[in-house]
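The next block holds one structure in the form of structure tokens; read it before the comments.
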Amino acid sequence: MPTVLDSLNDGLHRAFAEDERVLLLGEDILDPYGGAFKVPRGLATRYPDRVFTSPVSEAGLAGVAGGLALRGLKPVVEIMFGDFLMLAADQILNSLTKFGWMYGGPLDVPLVIRTPMGGRRGYGPTHSQTIEKHFLGVPGLAVLAPAALGDPGALLADAILRDPGPVLFVENKLLYLEPVRGAAHLPEFELEAHTLPGDYAPAYSLRIAGAPPPTLTLASYGYAAELARRAALQLAYEHEVFAEVLVPTRISFPGNAFFDDLLIPALRQTGRLLAVEEGTRPLGWAAEVLARAAEALGPQLRAAGRVAAADTPIPASTPMERAALPQIEDIVAAAVKMMRL
Amino acid sequence: MSAPDNAALYRALYLIRRFEETVLEEFASGVFYGTTHTYIGEEADAVGVLSHIRDGDVVFSNHRCHGHFIAYGGDLRALFAELMGKAGGVSGGRGGSQHIHWKDFYSNGILGSTTPAAAGAALAEKLKGTGALTVCFIGDGTLGEGVLYESLNMAALWGAPVLYVVENNRIAQTTPIELALAGSIPARFEAFGIPARELDTSDVLEILPVAGDLIAEMRADPGPRALILHTCRFGPHSKGDDTRPAELVEKMRAERDPLTIHAARLKKTERTAIEDEVNAEVTAAFAAAKAEPMPEPMN
Ligand SMILES: Cc1ncc(C[n+]2csc(CCOP(=O)(O)OP(=O)(O)O)c2C)c(N)n1
Ligand SMILES: [Mg+2]
């Protein structure tokens with residue numbers, strides 16, 4: 001089974017092969033090293049004129065990509081660690097996402113900024129964070145996050161080739177070594193891929209195979225969705241709680257049919273929502289999901305909750321880091337508690 | 001490309017001057033809203049540099065963009081309309097004074113933000129093999145922004161044909177250069193191996209050939225260059241916010257007015273004819289913009 005890393009690498013290679021306007025810029029991306037997490041491995045060897053290993057300049061890189069995109073090329077920028085995105089934040093907020101709108105628009109800015117995000121590897125407070133929440137409310141920015149389901153590489157290739165941009169593509173580090181699972185690899189589940197109207201980014205639903213209708217909806221993305229899937233198994237086998245797991249790959253909000261077409265109808269059936277994410281709890285993706293659910297369902301929403309990281313920096317030491325980040329048992333415990341409501 | 005003659009240069013300088021004077025004069029009448037940064041006193045920079053660009057060359061400008069836009073060939077009515085928030089403005093009323101784009105011209109009000117975009121645009125044109133150059137205007141105050149130095153480094157590493165034009169009016173909003181800038185301006189570029197030329201003049205005939213040489217050099221040998229133009233801002237930073245002593249501004253106006261300097265080269269009748277024609281053009285553009293409808297609120 002290919003891993004998420006293999007799939008993303010393949011997606012980059014496919015995009016490069018399909019459109020010669022696609023370029024890659026980033027730090028330490030030349031072979032044989034092939035990038036800090038190896039996602040672009042092999043590209044520099046195959047396409048030496050289209051891969052620009054760069055100085056350590058995140059803001060400048062994002063800005064250069066903006067100029068390349070305005071002039072008709074399709075740059076992909078690798079930011080080595082998601083934590084470094086803040087150095088590029090001004091370019092994202094005040095240039096890349098404004099070009100397409102503020103000049104009277106529409107104006108394409110076809111660029112993808114991809115970055116590894118997340119903890120559980122002991123990298124400490126500045127190399128372990130999940131900070132995409134700071135970018136979820138930026139008008140004009142698509143934020144995508146693959147899970148270990150479906151075809152992460154196709155999602156990346158579509159973002160590069162088909163999106164008028166700009167796109168922030170968030171790759172959780174622990175996902176890289178996860179196998180990409182399809183229905184054949186998940187016999188305990190009924191896995192369904194959902195194509196949402198007007199969107200190339202699919203969403204997935206997982207239900208326990210042969211179980212009664214679910215009474216709880218888990219919503220999650222990225223590696224947290226993998227934890228939610230494993231929690232759903234435990235809930236079924238150890239607690240007889242049957243949950244469905246809904247996993248979007250588009251996590252930004254405007255124009256995202258995931259909520260109206262998938263999540264809200266699911267909640268009309270279950271009435272219970274547990275949103276799971278790896279970022280810190282306040283004002284994050286889960287908070288917005290809960291707010292939308294409450295607005296849409298009113299009293300039909302019997303119970304709603306979040307599992308997220310502690311509202312502190314992420315410690316390096318393994319037991320402390322474990323305690324700070326959401327674990328499968330936290331999801332199970334929150335779900336069991338919610339079932340009493 | 002044949003150099004523009006003295007009459008055409010005067011016309012270009014005067015067009016910017018009258019546009020900007022109209023903006024300042026009419027702000028009080030309430031027809032404009034928001035902010036503006038006029039180019040009065042600096043006209044020779046834009047005209048001297050942009051006289052050399054060709055179709056397809058890219059220009060990045062900043063908050064003080066009206067003069068650059070007009071020298072680029074931008075439409076006066078559309079710029080007036082943008083400042084009025086009209087649907088027919090350059091940016092449909094979304095951008096306002098600092099955010100305009102037309103053809104290959106782009107401006108942004110975030111200081112320094114355009115410097116990597118300009119390097120990227122220059123690199124794109126080089127990779128596409130179009131032969132187009134990119135010009136990026138920044139002010140002396142913008143030399144304080146870190147992203148500029150990332151941009152210079154990458155432009156130099158990747159041989160991006162971008163001309164950074166520093167318009168040093170020795171002030172940033174209210175802060176004099178002495179309080180904001182350490183060291184040397186050309187050395188900043190030279191440290192990255194970027195050749196820099198420096199001129200202290202408001203005479204368009206002095207800027208024109210130097211800019212022309214630099215641009216010709218870039219077309220023959222693509223890579224970044226810098227042109228540092230020491231210039232004078234006669235007006236307020238925005239509107240009515242000039243903190244400098246009036247005598248200082250008066251002295252600058254007396255000694256460094258690009259229009260006075262260049263007008264001396266024309267016969268009085270010739271000059272008056274140009275001025276009459278431009279006055280009529282600016283008045284007509286202003287009236288046309290004023291008559292246009294406001295946009296629908298949700299556009
Ligand atoms: C990133 C950023 N910081 C601050 C400002 C506010 N601001 C607008 S113009 C200006 C001064 C700019 O000085 P300079 O670069 O010398 O250009 P000049 O106005 O003199 O043409 C300042 C501080 C801004 N627009 N963008
Ligand atoms: Mg200045």
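The values are calculated or read from the model by the stated rules, or taken from the named source; none is laboratory data. Here the structure is a predicted model, which means the values were calculated and not measured. FYI the Cβ positions are ideal-geometry reconstructions off the backbone, even for glycines, and counts take in every protein chain you see. For the accessible areas, the whole protein counts, side chains as well, though only heavy atoms, and no ligand, DNA or RNA atoms are used. Shrake-Rupley method; radii C 1.70, N 1.55, O 1.52, S 1.80 Å.
Brief remarks follow.
- Among the candidates B:91, B:151, residue that is closer than 28 Å to residue A:106 by Cα, within 16 Å of ligand 1 (Cβ to nearest atom) and out of contact with any Lys or Arg (no Cβ under 8 Å at 6 or more places or on another chain): B:151
- Residues of segment A:256-297 that turn out to be in a helix (DSSP H, G or I) and within 16 Å of residue A:331 (Cβ to Cβ), as a count: 5
- Candidates A:171, A:190, A:178 - the one that is open to solvent by 70 Å² or more (accessible area, probe 1.4 Å) and among the charged types (D, E, K, R): A:190
- Segment A:82-96, subset open to solvent by 10 Å² or more (accessible area, probe 1.4 Å) and touching a helix residue (DSSP H, G or I) at 6+ places or on another chain (Cβ under 9 Å), residue farthest from ligand 2 (Cβ to nearest atom): A:84
- One residue stands out among those in segment A:94-120 that are out of contact with any Ser or Thr (no Cβ under 8 Å at 6 or more places or on another chain) and assigned to a helix (DSSP H, G or I): the one that is farthest from the other protein chains (Cβ to nearest Cβ), which is A:97.
- Taken over segment B:110-127, the residue count meeting the criterion of being free of Cβ contacts under 8 Å to residues at least 60 places away in the same chain, more than 7 Å from chain A (Cβ to nearest Cβ) and surrounded by fewer than 24 Cβ atoms within 10 Å (Cβ to Cβ) is 1.
Residue-wise test of (1) charged (D, E, K, R); (2) over 15 Å from residue B:167 (Cβ atoms); (3) at pLDDT below 95; (4) surrounded by 24 or more Cβ atoms within 10 Å (Cβ to Cβ).
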| position | (1), (2), (3), (4) |
| --- | --- |
| B:45 | yes, no, no, yes |
| B:56 | no, yes, no, no |
| B:60 | no, no, no, yes |
| B:68 | no, no, no, yes |
| B:75 | yes, yes, no, no |
| B:84 | no, yes, no, no |
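- Any hit, segment A:287-295, residues being touching a Pro at 6+ places or on another chain (Cβ under 9 Å) and open to solvent by less than 50 Å² (accessible area, probe 1.4 Å): no
- Going through (1) over 24 Å from residue A:129 (Cα atoms); (2) open to solvent by less than 20 Å² (accessible area, probe 1.4 Å); (3) hydrophobic (A, V, I, L, M, F, W, C) one by one, residue A:314 falls short only on (1).
- Among the candidates B:275, B:292, B:296, residue that is among the acidic types (Asp, Glu) and open to solvent by 60 Å² or more (accessible area, probe 1.4 Å): B:296
- Residue within segment B:143-152 that is of a type in the set (D, E, K, R) and away from ligand 2 (no atom under 15 Å from the Cβ) present: yes
- Residue list for segment B:148-184, filter: surrounded by fewer than 23 Cβ atoms within 10 Å (Cβ to Cβ), in contact with an Asp or Glu (Cβ under 9 Å, 6 or more places away or on another chain) and in a helix (DSSP H, G or I): B:177
- Residue B:133 being away from chain A (no Cβ under 14 Å) and away from ligand 1 (no atom under 13 Å from the Cβ): no
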